[in-house]
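Below is the structure I would like to discuss, written out as structure tokens.
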Amino acid sequence: MTRVQELVDPAICRIWGGHNRDYAALNEETCADLIESFKAQGRQEVPAIVRRVSDDPSHTFEVICGARRHWTATWMCAHDQPRFRFLIEPRELTDEEAFRLADLENRSRRDLSDYERATDYARAIDRYYGGSQQRMAERLEVSKSWLSRYLELAKLPADIVAGFGSPHVIGISHGAILAPLLRSPAQRERIMAEANNLASEQTERVANGRGLLSPAEVLRRLTAAATKQPRLSRKVPTDYVIHDSAGAVVARGQKAGRGGLTLNIPTLARQDHDAVLRAVTAIIDHFTTSAH
């Protein structure tokens, strides 16, 4: 089938709302290869896939596949080539067809992060497939287990995503390791606390012009927090008893409220006074030492 292609001003094209790329994150660094290619060739070699829109007086097309190409064409227009044209291939597509086409084109691209792809799948499963993971896997022609890993990744709490410093560095392996740990309430609480610490640290590093902590280091700290055993408080006995050589009670000390101490000396008349004083001293020393 012969496809019709057009050269248009990139300004009349908008990015499709269901696009799986974070357009706002594109910059000269992420599009450096395309900028170099466009400059060297003097044109765009591979067309972007678009569809016509009728609900927007400012735009004629929306980009289904080719957000980076659109960004680069726009950049070229703003940098000494105002007449640079964006190469497009218009098609008639439903939203579900547009989603599958965009996914197929971007699935093998390394510049699209696992987390971006995961959140795209999480949106699509309800929007196009009625929440059916099986149906979605069939339409995308992937295994259900493969799809499950991405859907699990998309469920990472926002605090954990913030702990990595950027969603663009979060990989499928990170979700596979963290997901089972988060199922335990106790471990989840510790992981979330460490994620908040990491988020603050990442923000501070950026503010000071330092690089983000590596994803490997973030993962190490989160998993370490999950397996960290809580510090057990030392249990201080509530009473302490001194016996004589025959086993009889000489004195008993018992903790009272507000740090007080209650002393009980049974049958005082039968006890040697020096032994009682020694017992009382020992009880006081015991509770004083235990309190520190």
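Output the residues belonging to the stretch 3-30 that are over 19 Å from LEU104 (Cβ atoms), open to solvent by less than 30 Å² (accessible area, probe 1.4 Å) and more than 25 Å from the chain's Cα centre (by Cα).
The answer is VAL8, PRO10, CYS13.
Right, another one. Where the second residue is open to solvent by 10 Å² or more (accessible area, probe 1.4 Å) and part of a helix (DSSP H, G or I) and the first is without any contact (Cβ under 8 Å) to a residue 12 or more places away in the chain and more than 14 Å from CYS13 (Cβ to Cβ) and lies in the stretch 56-83, which pairs have Cβ atoms under 8 Å and are six or more apart or on separate chains?
ARG83/CYS77
Sticking with this structure for a sec: For the condition modelled with pLDDT under 95, under 18 Å from ILE170 (Cα atoms) and part of a helix (DSSP H, G or I), what is the one hit in VAL218, VAL206?
Numbers: VAL218 fails: modelled with pLDDT under 95.
Answer to the check: VAL206.
Within the stretch 111-138, restricting attention to residues that are surrounded by fewer than 17 Cβ atoms within 10 Å (Cβ to Cβ) and either touching a helix residue (DSSP H, G or I) at 6+ places or on another chain (Cβ under 7 Å) or closer than 12 Å to ARG21 by Cα (or both), which residue is modelled with the lowest pLDDT?
ASP111
OK, next. Across the stretch 24-39, what is the total count of residues that are at pLDDT 90 or above and within 16 Å of CYS65 (Cα to Cα)?
Of the residues in that region, 3 qualify.
Hey, another quick one. Kindly establish whether SER145 is over 15 Å from the mean Cα position of the chain (by Cα), of a type outside the set (A, V, I, L, M), open to solvent by 50 Å² or more (accessible area, probe 1.4 Å) and more than 29 Å from LEU26 (Cα to Cα).
Taking the combined requirement at face value, the residue satisfies it.
Taking the stated definitions as given, is SER108 more than 29 Å from GLY171 (Cα to Cα), free of Cβ contacts under 8 Å to residues at least 60 places away in the same chain, hydroxyl-bearing (Ser, Thr, Tyr) and open to solvent by 40 Å² or more (accessible area, probe 1.4 Å)?
On the way: more than 29 Å from GLY171 (Cα to Cα): no; free of Cβ contacts under 8 Å to residues at least 60 places away in the same chain: yes; hydroxyl-bearing (Ser, Thr, Tyr): yes; open to solvent by 40 Å² or more (accessible area, probe 1.4 Å): yes.
Considered against the rule, which asks whether it is more than 29 Å from GLY171 (Cα to Cα), free of Cβ contacts under 8 Å to residues at least 60 places away in the same chain, hydroxyl-bearing (Ser, Thr, Tyr) and open to solvent by 40 Å² or more (accessible area, probe 1.4 Å), SER108 comes out as no.
Residue check: is SER245 exposed (fewer than 13 other Cβ atoms within 10 Å of the Cβ) and either modelled with pLDDT of 95 or more or of a type in the set (Phe, Trp, Tyr) (or both)?
No, not satisfied.
The values are calculated or read from the model by the stated rules, or taken from the named source; none is laboratory data. Just so it is clear, the structure is predicted and the values come from calculations on it, not from any experiment. Note that each Cβ is placed from the backbone with ideal geometry, even for glycine, and that neighbours are counted across all protein chains shown. Keep in mind that these areas ignore ligands, DNA and RNA; they rest on the heavy atoms of the full protein, side chains included. Shrake-Rupley method; radii C 1.70, N 1.55, O 1.52, S 1.80 Å.
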